Each structure stands twice: as structure tokens, then as C-alpha cells.
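Data block below; observations after.
The values are calculated or read from the model by the stated rules, or taken from the named source; none is laboratory data. Note that this is a predicted model, so its numbers are computed, not measured. Using ideal geometry, Cβ is built from the backbone for each residue, glycine included, and neighbour counts are taken over all protein chains shown. To get the accessible areas, we keep the full protein, side chains included, count just its heavy atoms, and leave off ligands, DNA and RNA. Shrake-Rupley method; radii C 1.70, N 1.55, O 1.52, S 1.80 Å.
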Amino acid sequence: MNRTRTNERFARTRNGTAGSGTSGGRFGGSAPSRSGAPSRSGAPSRSGGPSRSNGYGRRPAAVQGEFALPKTITPALPAVEAFADLAMPEELLAALTAQGVTVPFPIQGATLPNSLAGRDVLGRGRTGSGKTLAFGLALLARTAGRRAEPRQPLALVLVPTRELAQQVTDALAPYARSVRLRLATVVGGMPIGRQAGALRGGAEVVVATPGRLKDLIDRGDCRLDQVAVTVLDEADQMTDMGFMPQVTALLDQVRPEGQRMLFSATLDRNVDLLVRRYLTDPVVHSVDPSAGAVTTMEHHVLHVHGGDKHAATTEIAARDGRVIMFLDTKHAVDQLTSHLLNSGVRAAALHGGKSQPQRTRTLAQFKTGHVSVLVATNVAARGIHVDNLDLVVNVDPPTDHKDYLHRGGRTARAGESGSVVTLVTPNQRRGMARLMAAAGITPQTTQVRSGEEALSRITGAQAPSGIPVVITAPAAERRERGGPASRNRRRPAAATARRRPARQSAADAVA
């Protein structure tokens, strides 16, 4: 697959079809020792296990669309019910208490005893199931006490998108500080010089998208031969986006004896190569394999007529409370956002055509409530966590059941409740029925029209004010940027040239 294609183009062409996704409407140190003995540098040690080439026993039958999970040869350690039962540094336990995190989620309680002991881990859990701390706490605990040399990180987290990289960094930052570990975030769309500087200054943990990390390695600003713990988060999306050659090239550069952990919401056959090639006798844990298994999430398919879809979408957006609306293309996102703003709805667009500062600002405004409607392409379908988000709307139905599950995973997270609503025109009904069957979901199907009670009851839809709105930066942000006067000043040409961001790789253009 050509890794330069964007998320949006990929979503429309996956499996060679473009059928049911069309809207039909207007919006279109030394390495750890495998023997278990401490290495000479004091790096974390690994428990023993078979070689990477033949570390699997007989595999159980696969779920449809997924590969057969490897059978663990060495028995896994039992799950724990409290973080205090884990062999973690006291500083990490204190940081968890300070953050109000006391009881581990199932995927954390099951995998942490094993990952802390140095075992490879293959974990599947839906978005919001606690995967980040499941791998993050083990990574930090096993790296604590070590100091990275310039350009030589000790632990690596690879993620498919910039938004997920920032979310992982934000989630791990307070715990990393507690054990005096330095984090560096390496993603496209941001100045590469600043990221190179962070690596030169020494960072024990790097959270990166594949393309930008490769760029930095090619420049001589980073090397991975001291990385003892490696995590692949949302590995299936990296393969979907065409990053497999880059991911394997990066994994080939880390310590071959090192610990590897692979976590994802879905484990399709594209991930099988990574599991077979890079994980040794992994502890396998699967929890909440699909959004359909989440009892706090409601699924609604709303049958609408093509001519009424525009009005129904607008009324849903005008509801009280926040909502994410997904569409197929960047153009459709921009078109709907403009329409909503003109109708009096505080909406903002998020897609791969936006710069990273724009995307970061939009997400911050949505999380704080300054923006109530986030209109997005699939770039927002993973790695975005917003507390108390109770509605996701597929204005354009996804073309793949995995996309449906990941879009829906923005709501009903961590035990909260939420609804996923998909607007379906008559020509999309058959395709949507197949998609729901593949996802293992039986939705509630309702015929609706704009202005009717059923639409309001399910989504909170209401008529918009009709008074156009303009989304401006919050006052605090304007003061940080120096106010209106500073924004209107012209920069000298030399200063503008110095501030111009570095060229990004083709792969990071989609990340």
C-alpha cells in the first residue's frame, strides 16, 4: 500500500470499494538479558523464553477477520486487583494515588504483572479500556533509574497519528516526572529542529510517529540501539496507513533482546507479521474486543431521505452538549463546518489538511467546550479522548466495520455511557446492514425527519439559532500570543524564514 495516501483517501478506497460510504447528500544502556540475569549496565532484565523464530505453540481458532492469536507457552502471572499489589517504584504508586487512579482496568490488571516482569505482551482492548497506562506504567517502571545519553533513548512508543502521540505523552507525563524520566514527542507537522534538540539533550522515553522518527534517524539525531522497551500502540492502524515498512525498519534497530508490547483495539491479519516476527512467547490478553460488547454504548441507525439529511445533521449539531461528526472527505468537513457556523453552531473542523498547531488548538477548544461540534474525518477516529462525550454521529457511514468501531470508541469510554448515531440514506441501507453484521452489532433502526420528535429524542436535536458565529481563540490564548496588535505586525523576512517549519516526510503528512 502506498504510505503517502491520506487517511481520507484510504478510507474511501479500502478493499477496492467505495460503495456504502458515500453520503448521497450535500456533505459529501546495555540490552536486557533474556536469561533473567542482570545485564552489566543495570538495564532491566528479561525472563527466559523461546527464541523469536519459534516462540509459539498451537494457535486457537481466529475470530472472523482477525488472525489466530498465539498461544502463550510460559504461563502468565495472575491478574491483580489493585496497583499496590504490583512491583512498581513507590514514586509511581504515589503518582497514581495523586491522579486519583487506584483500581486498575481489566487490561491493566491482567498485563502489568507480566510486563513488569519483562514479558512480551499482546493486548487487545477497545479505545478507552486503559491501554495507555497498561503499557506506559511498565515502560516507565522498567526504565526508571537509568539515564539516556544524547540521541539515544531507552524506551520507544510508536503510534500512527500525531493526536495519539500527544495523548500518550499527556497521559504519561505526570508518571514520568515522578520517576525523573524525560519524555520527547516526535511527530510530523511540527518543527523538526526542536524535536532534534530534545533528543540531543537526552530523553529516556520517545513517543513518535514512524515517519518523523525515521527522518530524525536519517539526520543522525537519533539512534535506537539502546532501546530496551518498545511499544506499538494501535498497530493495526499503522499497517492500514501503509507504515508497515517503516515500522519493521524501526523495530529492526532496537535491541533484539528487548521487551516488545503490542496493543490495539483490533488485531486484524495485517498485524500477524509483527506478532510473529517481533514478539516472543507473548502474554495475550483480550478485553472488550469490539464496541458492540460495550453495554454502556447505544447504536442507532437513522434512516433519512437524501434531501432531508442536510437539515437533520444541522439540528443534531445544534443540540445541547458536545458531539463529534464524522464525514468522508476534507472538503465535506470544511463545507459542513462553514454551514454550521453560519447557522449559529459553534463548530470546528479537524482533518489531515490542517496544520498541527491548528489541530492541537481545535482539539483543546473542543475539550474545554469553547467549540461544541467537532467535524472530522477519520484522523480523529483514534487517539482522541474527551471526557463526558456522549454522542458520535456518522454523517457519512464508514466503509469498514473497523472504522465504525474506532469512530464509536470516542464515546462510552472508561465506563461512561454514550450513543453512536449513523445517518443512512436509502441507497446505503444494504451496505450498512452488512457493516453492522461484520461489527457484531444489532443497532436500533429508526426512520426520522428533521423537526420530528424521534430525531430529538435520540440525539437531542433542536433548531439552530440561525445567528452566525465566529470561533476565536480564548482570551488566555490571545494574551499568550501577544494580543491583536502583535498578530498584525509584519515579521522581517529573515525572521519568517527562520521560523519556517522543516519539510516533513510524505508519511508524516498523513500522521
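Condition check for VAL187 on (1) modelled with pLDDT of 95 or more; (2) of a type in the set (Val, Ile, Thr); (3) open to solvent by less than 20 Å² (accessible area, probe 1.4 Å): one failure, at (1).
Rundown of residues vs (1) touching a Pro at 6+ places or on another chain (Cβ under 7 Å); (2) farther than 16 Å from VAL179 by Cβ, yes/no style:
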{"residue": "PHE83", "(1), (2)": "yes, no"}
{"residue": "LEU92", "(1), (2)": "no, no"}
{"residue": "VAL103", "(1), (2)": "no, yes"}
{"residue": "THR111", "(1), (2)": "no, yes"}
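Tell me the residue from GLY145, GLY130, GLY118 that is in contact with a strand residue (DSSP E or B) (Cβ under 8 Å, 6 or more places away or on another chain) and of a type in the set (Gly, Ala, Ser), please. Let's see the steps before the verdict.
Numbers: GLY145 fails: in contact with a strand residue (DSSP E or B) (Cβ under 8 Å, 6 or more places away or on another chain); GLY130 fails: in contact with a strand residue (DSSP E or B) (Cβ under 8 Å, 6 or more places away or on another chain).
Only one candidate passes the filter, namely GLY118.
Out of all the residues in the range 278-291, is one or more in contact with a strand residue (DSSP E or B) (Cβ under 6 Å, 6 or more places away or on another chain), farther than 14 Å from VAL121 by Cβ and modelled with pLDDT of 95 or more? No: zero hits. Taking the listed residues GLN462, GLN504, the one that is at pLDDT 95 or above and either surrounded by 10 or more Cβ atoms within 10 Å (Cβ to Cβ) or not in a loop (DSSP other than H, G, I, E, B) (or both) is GLN462, with no other qualifying. If you check VAL247 against the conditions, is it under 24 Å from GLY118 (Cα atoms), modelled with pLDDT of 90 or more and among the β-branched types (Val, Ile, Thr)? For VAL247, the condition - under 24 Å from GLY118 (Cα atoms), modelled with pLDDT of 90 or more and among the β-branched types (Val, Ile, Thr) - is met. Looking at the range 433-451, is at least one residue small (Gly, Ala, Ser), at pLDDT below 95 and part of a strand (DSSP E or B)? For the range 433-451, residues small (Gly, Ala, Ser), at pLDDT below 95 and part of a strand (DSSP E or B): absent.
Being open to solvent by 20 Å² or more (accessible area, probe 1.4 Å), at pLDDT below 90 and in contact with a Leu (Cβ under 9 Å, 6 or more places away or on another chain) is a property that GLY321 lacks. Among the residues making up the range 133-169, those that are crowded, with 22+ Cβ neighbours inside 10 Å and within 16 Å of MET238 (Cβ to Cβ) are PHE135, LEU156, VAL157, LEU158, VAL159, PRO160, THR161, ARG162, GLU163, LEU164, ALA165, VAL168. VAL231 satisfies every condition listed in (1) more than 20 Å from GLU163 (Cβ to Cβ); (2) open to solvent by less than 10 Å² (accessible area, probe 1.4 Å) except (1).
Within the range 97-113, the residues that satisfy the criterion of being of a type in the set (A, V, I, L, M, F, W, C), modelled with pLDDT under 95 and either surrounded by fewer than 20 Cβ atoms within 10 Å (Cβ to Cβ) or out of contact with any strand residue (DSSP E or B) (no Cβ under 7 Å at 6 or more places or on another chain) (or both) are ALA98, VAL101, VAL103, PHE105.
When the range 406-432 is filtered for residues that are open to solvent by less than 20 Å² (accessible area, probe 1.4 Å), modelled with pLDDT under 85 and aliphatic (A, V, I, L, M), only ALA412 remains. Taking every residue in the range 320-347 that is within 18 Å of GLN462 (Cβ to Cβ) and part of a loop (DSSP other than H, G, I, E, B) and pairing it with any residue that is open to solvent by 20 Å² or more (accessible area, probe 1.4 Å) and of a type in the set (A, V, I, L, M, F, W, C), at least 6 positions away or on another chain, the pairs with Cβ-Cβ distances below 8 Å are GLY344/ILE467; GLY344/VAL469; VAL345/VAL469; ARG346/VAL469; ARG346/ILE471. Residues in the range 324-354 that are open to solvent by 30 Å² or more (accessible area, probe 1.4 Å) and either of a type outside the set (A, V, I, L, M) or under 20 Å from ASN378 (Cα atoms) (or both): THR329, LYS330, HIS331, ASP334, GLN335, SER338, HIS339, ASN342, ARG346, GLY353, LYS354.
Of all residues in the range 433-448, those satisfying the criterion of being surrounded by fewer than 20 Cβ atoms within 10 Å (Cβ to Cβ) and β-branched (Val, Ile, Thr) are THR442, THR445, THR446. Taken over the range 89-111, the criterion of being more than 13 Å from LEU133 (Cα to Cα) and either of a type in the set (A, V, I, L, M) or part of a helix (DSSP H, G or I) (or both) is satisfied by GLU90, GLU91, ALA94, THR97, ALA98.
Residues that are touching a Leu at 6+ places or on another chain (Cβ under 6 Å), open to solvent by less than 10 Å² (accessible area, probe 1.4 Å) and not in a helix (DSSP H, G or I) within the range 114-132 comprise ASP120, LEU122, listed in sequence order.
Restricting the search to strands (runs of 3 or more DSSP E) fully inside the range 178-254 and requiring at least 1 residues that are acidic (Asp, Glu) gives 229-233.
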